[in-house]
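Undergrad: Let me give you the structure first, and then I'll get to my questions.
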Amino acid sequence: MPEADSAVWTPVGQGNINDTYRVDVVLGGEQKVILLQRLNHLVFKDPAQVMDNTSRICAYLTAQPDYPLQVPSPILAKDGSNLVRDDQGNYWRAFPFIERSYTPDGLVTPDIARKAARAYGAFARALRDFPAATLAETIPGFHDTDMRWLAFLEVIRQDPVSRVGGVQKEIDALFAAKPLFDLISRLKRSGELPLRVSHNDTKAGNVLFSMDTHEPLAVIDLDTVMPGTLLSDFGDMVRTFVPSLTENSVDEPHLRLDVLLALREGFLSETGDFITTSEQQHLLTGGAWIIGEQALRFLTDWIAGDVYYKIGYPEHNLVRARNQLQLLAMVNREL
Ligand code: GN1
Ligand code: MG
């Protein structure tokens, strides 16, 4: 890109990992808008690998004539690369900014949930023949719950900031959830759950909607697109759409069954004809799994001394872990 005459940066989004800006630039007298993002290279240890996955997925989606959504492919730098390193060692990438779009925030209605689930379903459908095993694991072991379990045991053993004593109840609740994690591992190992391209961050905030039609425009945030199972994508939708309160809430959430039904309907409208019976049957198991795994991740980070997730206040990770454990108990009781 040529040097900009001027640029105005506005932060956008609420991601826990990367930093995202809308940048209004004037290039050679012409007004342009791009989405610029600093990729968190402490989380994504191999940024080039992330961008390679992203570029391959975008090219594949763009070539699918019946993929119903837009594909915001990375904008290339002057030298043709999709990633630029600055003097401080930060990694930056740019995407087209899709105007008159929004990402749903807070509680979504069943209607928005259905449309978002349909969008994630269309994403999975368009990628159903993509050779999933050839994608890099941008965060090794991202949904390898066995590995996350070992990391949890290890951080409890080390107790680096003396927090274990205060969370025995939460630790016990996670031990009670271990059979669920083991079930998922078994299903994966046995091949009963086929290896698929999974998005791995299927919250409402990763679907861009049109301000004009309120229809989905694009599935975004491809950083964690990896080989995986479809259950984690449906599971993360259950985790993030169905509760009446977000993961940051101190109050007890309840489950919104109308939203759950809408998710299922929307997702299956795109995937129902190609997923296996076992995947269909275990969609809700996916919900319980991902909620339990997220509780495990937040509690691990609390015990580790808040080294992974951005936090807004000192007890944030503990609040999030407790919230997810409440949710897991509710899912086990009510679904
Ligand atoms: C992180 O940054 P964000 O909000 O997209 C995390 C997800 C978690 C989520 C919990 C790469 O996602 O896995 O579910 O926080 N992303 C990564 O809020 O770890
Ligand atoms: Mg994300």
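Undergrad: For the chain, which whole percent of the accessible surface, found with a 1.4 angstrom probe, sits on carbon and sulfur atoms? Mind showing how you got there, number by number?
TA: On the way: 8280 of 15410 Å².
C and S fraction of accessible area: 54 percent.
Undergrad: Skip the ligands, DNA and RNA, and give the accessible area per residue of the chain with a 1.4 Å probe, whole Å². Mind showing how you got there, number by number?
TA: Values: 15410 Å² over 335 residues.
For the chain, the per-residue accessible area is 46 Å².
Undergrad: Another question, then. What size of dipole, in debye to the nearest 20, comes out for the stretch 92-201 about its Cα centre when the only charges are +1 on Lys and Arg C-beta atoms and -1 on Asp and Glu C-beta atoms? List each step's numbers first, then the result.
TA: Numbers: 16 positive and 14 negative charges, 69 e Å.
Charge dipole of the stretch 92-201: 340 debye, to the nearest 20.
Undergrad: Which whole-Hz ³J(HN,Hα) couplings does the stretch 224-231 yield from phi under the Karplus relation 6.51 cos²θ - 1.76 cosθ + 1.60, θ = phi - 60°, glycine and proline marked x?
TA: 9, 5, 8, x, x, 10, 5, 5
Undergrad: Can you grab the distance from the C-alpha centre of the stretch 145-209 to the C-alpha centre of the stretch 13-42, Å, no decimals?
TA: 32 Å
Undergrad: Continuing with the same structure: Does the stretch 169-253 come out rounded, prolate or oblate by the C-alpha gyration tensor, with a ≥ b ≥ c the root eigenvalues, rounded set by a/c under 1.5 and, if not, prolate when a/b is larger than b/c and oblate if not? Don't skip to the answer; put the middle values down first.
TA: Details: a/c = 2.99, a/b = 1.26, b/c = 2.36.
Oblate.
Undergrad: Determine ³J(HN,Hα), in whole Hz, for all residues of the stretch 174-182 in sequence, where each value follows from phi through the Karplus function 6.51 cos²θ - 1.76 cosθ + 1.60 and θ = phi - 60°; x replaces Gly and Pro.
TA: 6, 4, 5, 8, 4, x, 5, 4, 5
Undergrad: Students often get this wrong, so check it: of K45/K188; K45/K310; K45/K78, which have C-alpha atoms separated by over 20 Å?
TA: On the way: K45/K188 25 Å; K45/K310 17 Å; K45/K78 24 Å.
Pairs exceeding 20 Å: K45/K188; K45/K78.
Undergrad: How large is the Kirkwood hydrodynamic radius of the chain, in angstrom, based on all distinct alpha carbon pairs?
TA: Values: mean 1/r = 0.0479 Å⁻¹.
In the chain this quantity evaluates to 20.9 Å.
Undergrad: With a/c under 1.5 counting as rounded, go ahead and sort the stretch 193-295 into rounded, prolate or oblate using the C-alpha gyration tensor (a ≥ b ≥ c being the square roots of the eigenvalues; past the cut-off, prolate if a/b is larger than b/c, else oblate). Intermediate values should be presented prior to the final figure.
TA: Working: a/c = 1.39, a/b = 1.10, b/c = 1.26.
Since a/c stays below 1.5, the shape of the stretch 193-295 is classed as rounded.
Undergrad: Let me ask another. Please label the shape of the stretch 251-335 as rounded, prolate or oblate, based on the square roots a ≥ b ≥ c of the eigenvalues of the alpha-carbon gyration tensor (a/c under 1.5 means rounded; beyond that, a/b larger than b/c means prolate, else oblate).
TA: Numbers: a/c = 2.61, a/b = 2.04, b/c = 1.28.
Prolate, since a/c reaches 1.5 and a/b exceeds b/c.
Undergrad: What nm value, rounded to one decimal, do you get for the distance between N332 and L257 when each label is placed 7 Å out toward the C-beta?
TA: Each label point is offset 7 Å from its Cα along the Cβ direction, giving 2.1 nm.
Undergrad: If the reach is capped at under 13 angstrom between alpha carbons, list the aspartates and glutamates near K32, excluding any in the same chain fewer than eight residues apart.
TA: E3, D5, D24, E99
The values are calculated or read from the model by the stated rules, or taken from the named source; none is laboratory data. Quick caveat, the model's predicted, so the values are computed rather than measured. FYI the Cβ positions are ideal-geometry reconstructions off the backbone, even for glycines, and counts take in every protein chain you see. Ligands, DNA and RNA are excluded from the accessible area calculation, which covers all protein heavy atoms including side chains. Shrake-Rupley method; radii C 1.70, N 1.55, O 1.52, S 1.80 Å.
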